[in-house]
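Asker: For reference, the structure I am asking about is given below.
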Amino acid sequence: METLAVPQGNFELSRFPARQQETLRAWDAADEYLLNYLQDEQLLHTNSRILILNDSFGTLACALSGYHTVSVSDSFIAQQGMRLNFSQNHLDPDAIEFRHSLMDYGQGEPYDLVLLKVTKSLGQLEDQLHRIRSCLSQNSQIIGAGMVKGIHTSTLELFETIIGQTQTSLARKKARLIFSRFNPTLNPPENSYPKSYILENTEYQILNHANVFSREKLDIGTRFLIEHLPADNRFQQIVDLGCGNGIVGLMASAANPEATIHFVDESYMAVASAENNFHRAFPERSATFKVTDCLNGITQDSCDLILNNPPFHQQNAIGDFIAWQMFSESKAVLKKGGELWVIGNRHLNYHAKLKRLFGNCSTVASNNKFVILKTVKR
Ligand SMILES: C[S@@+](CC[C@H](N)C(=O)[O-])C[C@H]1O[C@@H](n2cnc3c(N)ncnc32)[C@H](O)[C@@H]1O
């Protein structure tokens, strides 16, 4: 836990989930820049209606909890992080309304302030700017905030074409603010999300909401995994862990017609895409769909097979810590004799991790880029 000191107060903030020897803070220089700017420009008033987007661990929400604030995010982890930080700072969790990315952003009346943390995904930005438009008036102030390295010409073009005239601030501690003026007469191009494609060599139509992994086309690692999926009556309860648009679970479903598939992801857009794709492909079959952190909330010793293409980053933090969390929780959720199948780039060396955790690990298939590993709970 570290202390953020901003004009709105001092806040004890942590990242979520907590990790031992955490080296990263729960906020970045763009959060500080934004909060200082709001104070310097006297933009906060008692009745201000504020919309916050993509607040990683509730930093902005904690600092602005005294206003009429709605916080929108696609991330279950961000939502949990916000809860944790509210409780750490003795703030009322009901002071802010959390909405996920596919919910209506509106609050009846237009927002006075829209504060958008710029994420890596241009697709998500495009989708969010379209959704914001209906919640604005000419008096609304729209301020984007991000690190300089994440704000490109293409980022500013999206603000310009969907919201209106856009300028940026000078950089401060490698962070920048974006100021966009809402133009109600602008005629922006249609939101291109959700997008669909037909999964190669199948008739399955794959719908992808804006923040979904590999939303334009099949990922090459995913392709390699679905070419090697097991078909075995032993596997009755199958989990697609970190399901994204659900292609892995969909193909596992096709290969194992008696099995029940459980789709799990921390992204609301991912789980909604997977649900749509599964029901379209198999209207008569049932499956479960859960937004959670790794396997949190899944019954221990309940699954026969877990399929996993792990992520290499959480928010902006790159590393294999989520993979590690996914593997150790898989061990708890698998029945005795159950199997975890993992695909990864060869250089990630998941083999060593799985062997350490499970005491065994074998290679199902490999090519010059990827390896599919299998480990059994004994
Ligand atoms: C590399 S993508 C794989 C997506 C899909 N299985 C595929 O192969 O196309 C990793 C997925 O893990 C999800 N993810 C990241 N962190 C997670 C967490 N803590 N709990 C659950 N899912 C997570 C991401 O949202 C993303 O959809």
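Table: residues versus (1) open to solvent by 40 Å² or more (accessible area, probe 1.4 Å); (2) under 13 Å from A63 (Cα atoms).
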site: T3; (1), (2): yes, yes
site: R19; (1), (2): yes, no
site: E22; (1), (2): yes, no
site: D31; (1), (2): no, yes
site: Q39; (1), (2): yes, yes
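Asker: Being within 30 Å of D219 (Cα to Cα) and either charged (D, E, K, R) or open to solvent by less than 60 Å² (accessible area, probe 1.4 Å) (or both) narrows it down to one residue among N191, N183; which is it?
Answerer: On inspection, the qualifying residue turns out to be N191.
Asker: Please find, within the stretch 220-263, the residue that is farthest from K195 (Cα to Cα) out of those that are over 22 Å from the mean Cα position of the chain (by Cα) and part of a strand (DSSP E or B).
Answerer: Ranking the candidates gives Q237 first.
Asker: Continuing with the same structure: Taking the criterion of being out of contact with any His (no Cβ under 9 Å at 6 or more places or on another chain) and at pLDDT below 95, would at least one residue in the stretch 154-165 satisfy it?
Answerer: No, the stretch 154-165 contains no residue that is out of contact with any His (no Cβ under 9 Å at 6 or more places or on another chain) and at pLDDT below 95.
Asker: While we're here: From the list N245, N233, exactly one residue is in the same structural domain as P310 (by TED's automatic domain parsing), open to solvent by 10 Å² or more (accessible area, probe 1.4 Å) and modelled with pLDDT of 95 or more. Which is it?
Answerer: N245
Asker: Looking at (1) out of contact with any strand residue (DSSP E or B) (no Cβ under 7 Å at 6 or more places or on another chain); (2) more than 15 Å from the ligand (Cβ to nearest atom); (3) of a type in the set (D, E, K, R), which is the one condition that is false for D293?
Answerer: Failed condition: (2).
Asker: While we're on this one: How many residues, within the stretch 199-218, are closer than 14 Å to N276 by Cα and away from the ligand (no atom under 14 Å from the Cβ)?
Answerer: Result for the stretch 199-218: 1.
Asker: Answer yes if at least one residue in the stretch 47-62 is open to solvent by 40 Å² or more (accessible area, probe 1.4 Å) and either touching a residue at least 12 places away in the same chain (Cβ under 8 Å) or aliphatic (A, V, I, L, M) (or both), and no otherwise.
Answerer: Yes, the stretch 47-62 has at least one match.
Asker: Same structure, new question: For the stretch 274-378, give me every one of the strands (runs of 3 or more DSSP E) that falls completely inside it and has 2 or more residues that are open to solvent by 20 Å² or more (accessible area, probe 1.4 Å).
Answerer: 287-291, 334-345, 362-366, 370-376
Asker: Also: Out of the stretch 1-46, which residues are free of Cβ contacts under 8 Å to residues at least 40 places away in the same chain and under 17 Å from R176 (Cα atoms)?
Answerer: If the condition is that a residue be free of Cβ contacts under 8 Å to residues at least 40 places away in the same chain and under 17 Å from R176 (Cα atoms), then W27, L35, N36, Q39, D40, E41 are the ones that fit.
Asker: On to the next question. Applying the selection to the stretch 9-34, what residues are part of a helix (DSSP H, G or I) and either closer than 17 Å to Q79 by Cα or not hydrophobic (A, V, I, L, M, F, W, C) (or both)?
Answerer: Selection gives D31, E32, Y33.
Asker: Being open to solvent by 60 Å² or more (accessible area, probe 1.4 Å), without any contact (Cβ under 8 Å) to a residue 40 or more places away in the chain and assigned by TED's automatic domain parsing to the domain that holds R25 is true for just one of E109, E97. Which residue is that?
Answerer: From the options E109, E97, the qualifying one is E97.
Asker: Scan the stretch 107-164 residue by residue and report those that are among the polar types (S, T, N, Q) and in contact with a strand residue (DSSP E or B) (Cβ under 7 Å, 6 or more places away or on another chain).
Answerer: Within the stretch 107-164, Q107, Q128, S140, Q141 meet the criteria.
Asker: Follow-up question, since we're still on this one. Which one is nearest to the ligand (Cβ to nearest atom), of the residues in the stretch 219-230 that are in contact with a strand residue (DSSP E or B) (Cβ under 8 Å, 6 or more places away or on another chain) and open to solvent by less than 50 Å² (accessible area, probe 1.4 Å)?
Answerer: Only one residue tops the list, namely T222.
Asker: For a quick check of your reading of the model, give me the residue pairs whose first member lies in the stretch 131-159 and is at negative phi, whose second is of a type in the set (S, T, Y) and part of a strand (DSSP E or B), with beta-carbon atoms closer than 8 Å and at least 6 apart or on different chains.
Answerer: I142/S180; I143/S180; G144/S180; I151/T168; L156/T166; L156/T168; F159/T166; F159/S180
The values are calculated or read from the model by the stated rules, or taken from the named source; none is laboratory data. Quantities reported herein were computed from a predicted structural model and do not represent experimental measurements. In this analysis, Cβ positions are derived from the backbone assuming ideal geometry, glycine residues included, and neighbour counts consider all displayed protein chains. Heads up: the accessible areas ignore ligands, DNA and RNA and are worked out on the full protein's heavy atoms, side chains in. Shrake-Rupley method; radii C 1.70, N 1.55, O 1.52, S 1.80 Å.
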